[in-house]
Amino acid sequence: MRGLPASFYLDATRAPLEYSAIFAPSWQFVCHVSDLPASGTAVRFDCGGRSAVVLRTKAGGLQGFRNACRHRGARLVDGDAHTGLAFCIDGRLRCAYHGWTYDESGALVSIPAGQHFDEFDADAHSLHPLHVAQWRGLVFVAFQTPRLAVEQVLDVVAGAWPDLTSMRRVIEPRATPCAADWKLACEHMLDTAHFDIARPALKPRLFAPLIFEQGEGDALRATAEVATGGLGDTWSSRVYRRLLHDRQSTPARAGYVYLWPNLLLQLAPDGLSILQVLPGATGHSTLRELRYAAVDSSREMRLLRYTHQRVRRQALAADARMLVRVQRGMGALGAAETGPIATGEVGLRWFAARCRARLSAPAPASSTRTIRSRSRRRATSSAAT
C-alpha cells in the first residue's frame, strides 16, 4: 500500500473538499463536561472554517449551535482567548453587532426597537442547531449528521476505559501553530516507524512500544507500557518513571485511542492527554493540546503531572519542527508521487485508506502533464541509447 499523493498536502483547492467531506460530518472534541459546570456557561469551538458554540442549559443538558447570528452572520460568542469559555447571562446569546438575542433553545426572542423588517418570521431565524454528544465526560460536536453515534465508535475501542466525568482540567489548553498540512500532522501521530530513527534524538518516550491495532471503523486503539531509558532520556522522563514505579507494583500502562480524523487520546496513570489537529490553510495546521486528571493534589501526583507535561511540551516542539521539514520536502516531489507504507504501519494504512475514500479525485492537470513529460523524456532517452 502507498501513501497519499504529494498534491494532497500541497494543493490549496482541496481544502474546501476536506472541510465538507471529512470534518463537517465527523465528531470533534470540544471540551470536558467540567468546563461547562453551570447553566449559562458556554464554549466556542472552531474547526475547518466553521464555528460552534456549546451551551449548558438550565435543565443541565447541552445545546450546540452554529456560532453565527441569523441576521448578518456575526459571531455570537468569542469566549476566552485560550479556552473559548464564556458565560451567557440567563442562558441567552446576544449578538454584539445588532443586538439580536437567542434563548438556550436557539429561538430568536428579542430584536432591538427600531429594527423593522417586511414580512418577518422570527421562527425562521432561529440558530442553526448542531449535533452534540457526551462520552464518559468528553463533549463532542458535529457540524453535519455523523455516520455513527460517538459512543458507538468509542465503546468499541475504549470500552474498558473508566468514566472520566470526575476529571478536571490541569493545564490551560495550548494551541501551537504548525507550518504543515493537517494530514501530515495526523499521520505523524499514527506513524511508529520513525520512533527508533528520529525520536531517540528528538524526544524521550514515556510509553513503548506503541502499536495500533487493526481497525475498520472510525477509531483505532493501542496500549503501551512504561518505556526504559535510552538515548535522548531526560531528567523529566527518569523522574516520571521512578515515581510510577514507586506508586504501583504492576507495570504502568497507557491506553491510546485515535478518533477519525484528527484526535489522539492518551489515558495514562496521571491523567488524560488530548492532542487534536485543527486544519488551517493548505500546508498549515494547529496542534491543540489539553490535559485532564482526577482530583489528587498529593505531592507525588503533582510531580508526576509536571514531569509528564515537561516531556510532552518538549515533544510537541520537536514534532512541529519535524513536520515543517516533511512539509517542505513534499514540495520537491511530483504532485502524483507517493511513498510506500510498511506492512506494520496499521495506523498509517488506515488513515490513508480513509482519506482516499473521502477525497478521491482525478489528478490535477499539471501533474498529468508532468507525468507525460517525464514519460516522453524517458522514451527519447531510450531511443537515443
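Read-outs: derived from the displayed coordinates by stated rules, not from any lab. In this text the structure is predicted, and so the values were computed from the model without any measurement. Don't worry about glycine lacking a Cβ; one is built from the backbone with ideal geometry, like all the others, and counts go over all protein chains shown.
Comparing mean-square fluctuations of Ser285, Ser297, Ser39 from a GNM of the chain with C-alpha springs under 10 Å, the top value falls on Ser297.
The candidate values were (i) 38, 32, 17; (ii) 32, 25, 19; (iii) 42, 25, 18; the one computed from these coordinates for semi-axes √(5λ) of the Cα gyration tensor in Å carries the label (i). Each other residue within a Cβ distance under 11 Å of Ala158 adds +1 if Lys or Arg and -1 if Asp or Glu, for a net charge of 0.
In this rough spin-label picture, where each label sits 7 Å from Cα along the Cβ direction, the Gln214-Arg310 distance is 4.2 nm. Dividing the mean sequence gap of close Cα pairs (under 8 Å, 6+ apart) by how many residues segment 93-168 holds gives a relative contact order of 19 percent.
Extension gain, His98 to Leu359, is 90.0 nm, computed as 0.36 nm per intervening residue step minus the present C-alpha separation. Computed extension length for Arg147-Thr234: 27.0 nm, one decimal, from 0.36 nm per residue of separation with the Cα-Cα distance subtracted.
Considering only Ala86, Ala122, Ala113, the mean-square fluctuation computed in a Gaussian network model of the chain, springs between alpha carbons under 10 angstrom, is largest for Ala113. Its relative contact order, with pairs defined as Cα atoms under 8 Å and 6+ residues apart, puts the chain at 20 percent. Using a Förster radius of 56 Å, what is the FRET efficiency between Met1 and Ser110 based on their Cβ-Cβ separation? Nearest 0.05, please. The formula returns an efficiency of 0.50 here.
Going from the fewest other Cβ atoms within 10 Å to the most, the residues Cys95, Cys186 appear in the order Cys95, Cys186. Calculated from the alpha-carbon coordinates, segment 28-145 shows an Rg and a Dmax of 14.0, 47 Å respectively.
Per-residue ellipticity at 222 nm, computed for the chain from helices alone with -39500 (n - 2.57) per DSSP H run of at least four residues, works out to -9000 deg cm²/dmol.
Full extension of the chain segment joining Ile89 with Ser126 gains 11.5 nm, where the gain is 0.36 nm per residue of separation less the Cα-Cα distance. Once the gyration tensor of the Cα atoms in segment 81-161 is diagonalised, the equivalent ellipsoid follows with semi-axes of 35, 16, 9 Å, ordered largest first. Seen from His131, the other residues with C-beta closer than 12 Å to its C-beta sum to a net charge of +2, counting Lys and Arg as +1 and Asp and Glu as -1.
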